[in-house]
Each structure stands twice: as C-alpha cells, then as structure tokens.
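A.B. asks: The following block contains the structure, expressed as structure tokens.
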Amino acid sequence: MTSEKTKQVIEQLKQFAKNWNKLYAEERFEEMKYLATEDVGIANAQDSTKPSGLIYGRQAYYQGIYDTYYGPTGEEKNLLVMKYEDWEYIPLGDDNTFYTIGRYTLQPNVVGVNCWLLRRNSFADPWQIFRVINN
C-alpha cells in the first residue's frame, strides 16, 4: 500500500471512529451492532468459555456497549469517547485489514486503551470491527 493510500485509509478509519462516538453519544446501540462483523470477537476472559478468552457475536458486542453506558445500576449514562485522532493505525498486509490502538475516556473518570482489528471485504465495503480489546 502506498503512503498516500495509507493516509486515505487512516482518514476512513478516523471517520469510522467518529461515527462510533456519535452513535454511542446518541444511544443508538442497536445500530452500533452493525459496525461489527457477525462473528466479532470481544476480549472478555471472565465470561468466555473459549481458550482464547474471547466472547463472540454482535449481540455480545451490543450488550458490552449497552452495559458500559448504563453501568451496574442500569441508570447511569457513562459517555465513552474514542480519542481516535491520536491512535496508532497499523496496516496488516493489505488495504482491507487494519489494527488500531489508542486511548478512550469513559466519563466521569476512567481512561483506558482500546484496540480494534478492523476489516472490510473490499475497498467499496464499509469497515467493521472484527476483534476488540479494551482495558
């Protein structure tokens, strides 16, 4: 991939993360499920029954987002913001697979690191989250 093409792809990924932030802030969690692949894998060693420590599927992805927003009481409104402008964007061999890593904030006072493995089937297809890790 040329450096110009890489810059274009990184801008697309930043737009993806910006849209993710917007949907989350607007509590559009059902729509957010489709930002992930059907077989999205989420790092969750506590709930996983797999040796990898992952749980799988869009519904698990949705539930993680929903539970983060509403918190343990079910009444909180915890704003999660991906700080994507300063993330690292790493191509993984082709134009359709990228790894991202960088900070997020979870209000009121949590700062963490989010990692997405994003992929798409072709240049014309939308980016989707294939694997996610955050701490």
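The values are calculated or read from the model by the stated rules, or taken from the named source; none is laboratory data. The structure displayed is predicted, hence computed values, not measured ones. Here Cβ is always computed from backbone atoms with ideal geometry, including for glycine, and neighbour counts include all displayed protein chains. For the accessible areas, the whole protein counts, side chains as well, though only heavy atoms, and no ligand, DNA or RNA atoms are used. Shrake-Rupley method; radii C 1.70, N 1.55, O 1.52, S 1.80 Å.
A.B. asks: Amide H to amide H under 5 Å from residue 131: which residues, 5+ apart in sequence or cross-chain, H placed 1.01 Å off N in plane?
C.D. replies: Close amide H contacts, sequence-distant or interchain: 41, 117.
A.B. asks: Using modelled amide H (1.01 Å from N, peptide plane; none on Pro or chain starts), what sits under 5 Å from the amide H of residue 113, excluding residues fewer than 5 places away?
C.D. replies: Amide H neighbours of residue 113, under 5 Å, 5+ apart: 104, 135.
A.B. asks: Under 30 Å Cα to Cα from residue 14, which lysines show up? Leave out anything in the same chain fewer than 8 places away.
C.D. replies: Those lysines meeting the cut-off are 5, 22, 33, 77, 83.
A.B. asks: Let me ask something else. With the cut-off at 1.5 for a/c, could you classify the range 76-115 from its C-alpha gyration tensor as rounded, prolate or oblate?
C.D. replies: Verdict is prolate for the range 76-115.
A.B. asks: Please give the per residue accessible area of the chain, computed with a probe of 1.4 Å over protein heavy atoms only, in Å².
C.D. replies: 58 Å²
A.B. asks: Still on this structure, I have one more. Springs between alpha-carbon atoms under 10 Å, Gaussian network over the chain: tell me which of 121, 19, 109 tops the mean-square fluctuations.
C.D. replies: 109
A.B. asks: How much net charge surrounds residue 111 when only other residues with a Cβ under 12 Å from its Cβ are counted (Lys, Arg +1; Asp, Glu -1)?
C.D. replies: Value of the local net charge: +2.
A.B. asks: Nearest 0.05, what FRET efficiency do residue 67 and residue 18 give at R0 = 25 Å with Cβ-Cβ as r? Provide the component values of the computation, followed by the final result.
C.D. replies: Working: r = 23 Å, r/R0 = 0.92.
The pair residue 67/residue 18 has a calculated efficiency of 0.60.
A.B. asks: Further question: For the range 3-63, just say rounded, prolate or oblate: build the C-alpha gyration tensor, square-root its eigenvalues into a ≥ b ≥ c, call rounded for a/c under 1.5, and beyond that prolate if a/b exceeds b/c, oblate if not.
C.D. replies: Working: a/c = 2.98, a/b = 1.50, b/c = 1.98.
It is oblate, given that a/c is not under 1.5 and a/b is not larger than b/c.
A.B. asks: Of all GluC sites (Glu not before Pro) in the range 75-135, which ones are in loop regions per DSSP and have a Cβ with at most 14 other Cβ atoms within 10 Å?
C.D. replies: The qualifying sites are 75, 76.
A.B. asks: Next question. I'd like the orientation of helix 58-70 relative to the chain: the angle between its Cα long axis and the longest Cα principal axis, in ° from 0 to 90, rounded to 10.
C.D. replies: With rounding to tens, the tilt is 60 degrees.
A.B. asks: Out of [x] 58, 38, 27; [y] 48, 32, 24; [z] 41, 33, 30, which label holds the value of Cα extents along the principal axes in Å that was computed here?
C.D. replies: [y]
A.B. asks: Give me the percent of accessible area attributable to carbon and sulfur for the chain, probe 1.4 angstrom.
C.D. replies: Details: 3950 of 7850 Å².
Accessible surface attributable to carbon and sulfur in the chain totals 50 percent.
A.B. asks: Between helix 3-25 and the chain, what is the angle of the helix's C-alpha long axis to the longest principal axis, kept within 0 to 90° and rounded to the nearest 10?
C.D. replies: 20 degrees
A.B. asks: So what does residue 83 come to for accessible area, using a 1.4 Å probe and Å² rounded to 10?
C.D. replies: Answer for residue 83: close to 90 Å² accessible.
A.B. asks: Okay, next question. Counting only other residues whose beta carbon sits under 13 Å from that of residue 6, what net charge do I get with K and R as +1, D and E as -1?
C.D. replies: -2
A.B. asks: Would you please state which residues of the range 71-112 a label at residue 135 would reach in this model, taking the label point 7 Å out along Cα→Cβ and a backbone N cut-off of under 16 Å?
C.D. replies: 101-104, 111-112
A.B. asks: Let me ask something additional. Among 12, 46, 107, which one shows the biggest mean-square fluctuation in a GNM of the chain, springs joining Cα atoms closer than 10 Å?
C.D. replies: For the chain, modelled as a Gaussian network with Cα springs under 10 Å, the answer is 46.
A.B. asks: Sticking with this structure for a sec: Pull up the DSSP beta bridges for the chain and report the antiparallel fraction as a percent, rounded to 5. Walk me through the numbers before you get to the answer.
C.D. replies: Values: 26 of 29 bridges.
Approximately 90 percent, going by the DSSP bridge assignments.
A.B. asks: Between 71, 102, 41, find the one with the highest GNM mean-square fluctuation for the chain; connect C-alpha pairs within less than 10 Å.
C.D. replies: Checking each option, the largest mean-square fluctuation is seen for 71.
A.B. asks: Residue 79's amide H: which non-local residues (gap 5+, or another chain) put their own amide H closer than 5 Å, with H modeled 1.01 Å from N in plane and none for Pro or chain starts?
C.D. replies: 107
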